[in-house]
Amino acid sequence: MTTEKNFQKQKDYQALIQSVTDYVVAINRNYRIIMANELFKNQFGVHPGGFCFRGWKNRETKCENCLVEKSFRDGQNHSNEDTVIMKDGRVAHMLIKSTPVKDENGDISYVLETATDITEKKRLENELNKLTGDLEHIVGDRLQNLQKSEERYRTMFERSRDAILLTDAAGNILEINQAGVEIFGYRNKEELRAEKTARDLFQDREALRRFRREIFREGFVTEFEAKLTGKGNRAFDAAITCNVMILEEMGKVTGYVMIIRDVTQRNQYQKKVEQQNTQLAILNAISTTVSSSLDLHELLKSVLEKILEILESDSVRIYLLEKAKKKLVLVAHKGLSETFIQEHHIQARNVGDGMLGQTVKNAEPKVVNNLQRSKDRYVDLLLKEGLKSTAYIPLLSREGPVGIMAVSSLSPFRYSPDYVAFLSGVGNQIGIAVHNAHLYENLKKAYKDLKDTQDQLIRTEKLASLGKLAATIAHEINNPLAAVLNYIRLMIKLTARGRFNAAKLDDITRYLSTMESETARCGEIVKNLLAFSRQSRMTMANHNIREIIDKTVALISHDLGLKEISVVKNLQENLPPVFCDFRQIQQVLLNLLSNASEAMTNGGTLTISAKGQEDEEFLEICVSDTGCGIPEDLLDNIFEPFFTTKEEGKGVGLGLSVVYGIIARHNGSIEVKSEPGKGTSFRVLLPFSQEGLENLNT
Ligand code: ADP
């Protein structure tokens, strides 16, 4: 039975051992293999009775940490992991277990050793360990970064000087930093949250609408400028940067992050800088204008344009002081109605009269912010024009005020000290410009006077030297000519007595009469030359100019009548007497009238006018005709001696130079205006006064 039982038991074991997937060997106390399953035999070869260490490990001696030995010694199960070299040379990782098998007496008859190939398990285990290790590392790092960035954000949030707000989708404030609480003027965020939503922060509904439109369209808004209100509706300028927070998977708006900066001060600075830039631009524009033009009229015109172009005002008037510095006269204006400008008190103002007059007198700027409250006596005129405020700015040059600039606005305007200082700067620029323009005008006039004097001097010089020449000629040719004339007259008498051959009588008579007229002409030249050379004495006395004119016209009226020339006399009633040489002035008029008559070959009108007042310096005589006129390029030559355009025998070119000489000796002047084909006009100015002329009598 026992044997049968044992046998049966052994058979069961055998079957079990064969069926497992582990390597199984039974080893006795001497380390010899007493049984092995097929798996073992296949892998490690058949070693019945062989040493287990040879079978397992191909060793010559027992293994150091022998499990079989351990199980025999203590009757316990043991296990360890070891590596074994397999048939194909692969190193396999094995989990080896030893189990003592006891006999009926309880003695250990052998030890069953099983080995499980755990190479794959080990590899997976290793891999898993590695992965787990990496994962832990990554997660660790991420966590650390997250903490860091959260810290950073927190610090930024708390330390930011801008307000940072988190709101929900409806705009309710979820979170706000300390700076935000302060910017909006609250004690703490609870108080703010209780009073306001993000929408209530906007002062202006329109700005809120624009803000929302932009954020819905773009998903963010940068530096959106709007007026926001804090506690007690205190408003301030803000720049808002806002981002929408979206729940990614659903695309749903969960709220907004808003960064708000109080830019009130920045805006104020900016405005100030802009204002200063504008003012600099005007000053620059004005000083450029001022330095580019010396023509006062043009200069003021461009200055006005510039001022209105850049200033916040609606109108400007510029007044300049008259020479005597007693009166201001409007010289330029812009932005005002014609009716207003034509007002007597707007056109001109005495120094000291009204606001304009006082400002120029005190040489200090004066500002009226609201004209309705002004006491100026002319304020009604300004109010009627719709003007509400005016700054009166004196135009100052180095030598004091030269005028005033009135800058007006159609609305009450607060002229800040800065603005007035700036306008004064403009005033100074204009003042200097006006001064320079005056200097330039004076210079121009002085230059013209000098040029005129020089021209006159040249002419006088020419005349003087010609005068000398004339005197010589007169002496030289007058007597012989007189003799020739007497002789010819005698010959005519003889002829008349029939002592010449009758057949030649007519011819001789014709010759002789030609000789007479020619000789007479010579005499005429000599006479003119004498008058012209001052050799004839001047007989100065007070004469009635009307009488001289009438007598002269009478002299040539016959000739004028023949030529169908009508005479118009425009002689002022009660012309004051003129201190002059009657005959010489008559000579002047005769020459002018003869020339006029000769210019009107087909008839026309000869106009003689004369006017002059006692309190004026000169008497003015004009002789005008409707004749052929004088080409412009000849105008400068007509007063020159011997200049004539007339055919030989008709003119000797001394008429106008005689006129010029006589007028010059009377300290007067003569000028000519002419239009070819239309006519010519000579204007003579004769001084009434006797001063400086008496000595001419001597
Ligand atoms: P003359 O008459 O002998 O030519 P004047 O000295 O009187 O000499 O005049 C000089 C020139 O001036 C004239 O030849 C003529 O060309 C021009 N002149 C003077 N007066 C007139 C006038 N009223 N209309 C047109 N030409 C004139």
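The values are calculated or read from the model by the stated rules, or taken from the named source; none is laboratory data. Model, not experiment: these values are computed from the prediction. Heads up, the Cβs are rebuilt from the backbone with ideal geometry, glycines too, and the neighbour counts pull from every protein chain shown.
Just one of the listed residues (Ser79, Ser98) is in a strand (DSSP E or B), in contact with a Cys (Cβ under 9 Å, 6 or more places away or on another chain) and closer than 17 Å to Ile118 by Cβ, and it is Ser98.
Conditions tested, residue by residue: (1) in a loop (DSSP other than H, G, I, E, B); (2) under 60 Å from the mean Cα position of the chain (by Cα); (3) of a type in the set (Phe, Trp, Tyr); (4) within 11 Å of the ligand (Cβ to nearest atom).
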{"position": "Asn591", "(1), (2), (3), (4)": "no, no, no, yes"}
{"position": "Asn595", "(1), (2), (3), (4)": "no, no, no, yes"}
{"position": "Asn602", "(1), (2), (3), (4)": "yes, no, no, no"}
{"position": "Val623", "(1), (2), (3), (4)": "no, yes, no, yes"}
{"position": "Gly627", "(1), (2), (3), (4)": "yes, yes, no, yes"}
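Restricting attention to the stretch 640-686, the residues that are assigned to a loop (DSSP other than H, G, I, E, B), crowded, with 22+ Cβ neighbours inside 10 Å and within 7 Å of the ligand (Cβ to nearest atom) add up to 1. Scanning the stretch 183-199 for residues that are in contact with a strand residue (DSSP E or B) (Cβ under 8 Å, 6 or more places away or on another chain), in a helix (DSSP H, G or I) and under 15 Å from Thr229 (Cα atoms) yields Ile183, Leu192, Arg193. Name the pairs: first residue in the stretch 333-357 and on the phi > 0 side of the Ramachandran plot, second residue exposed (fewer than 14 other Cβ atoms within 10 Å of the Cβ), Cβ to Cβ under 6 Å, at least 6 apart or on different chains? If the second residue must be exposed (fewer than 14 other Cβ atoms within 10 Å of the Cβ), the pairs left are Gly354/Arg377.
Looking at the stretch 316-403, the strands (runs of 3 or more DSSP E) lying wholly inside it that each contain 3 or more residues that are under 23 Å from Asp418 (Cα atoms) sit at 366-368, 389-397.
Per-residue answers, yes or no, for (1) part of a loop (DSSP other than H, G, I, E, B); (2) within 20 Å of Arg161 (Cβ to Cβ); (3) modelled with pLDDT of 90 or more; (4) out of contact with any Lys or Arg (no Cβ under 7 Å at 6 or more places or on another chain):
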| residue | (1), (2), (3), (4) |
| --- | --- |
| Phe224 | no, yes, yes, yes |
| Gly232 | no, no, no, yes |
| Glu249 | yes, no, no, yes |
| Gln268 | no, yes, no, yes |
| Thr278 | no, no, no, yes |
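Screening Gly75, Gly50 for residues that are more than 60 Å from the chain's Cα centre (by Cα), more than 17 Å from Pro100 (Cβ to Cβ) and among the small types (Gly, Ala, Ser) leaves exactly one candidate, Gly50. Note on the stretch 303-334: residues that are more than 23 Å from Gln358 (Cα to Cα) and surrounded by fewer than 18 Cβ atoms within 10 Å (Cβ to Cβ) total 5.
Residue-level analysis places Glu158 among those that are free of Cβ contacts under 8 Å to residues at least 40 places away in the same chain, on the phi < 0 side of the Ramachandran plot, part of a helix (DSSP H, G or I) and touching a helix residue (DSSP H, G or I) at 6+ places or on another chain (Cβ under 8 Å). Going by the conditions given, is Lys306 part of a loop (DSSP other than H, G, I, E, B) and among the charged types (D, E, K, R)? Here the answer is no, as Lys306 does not meet what is asked.
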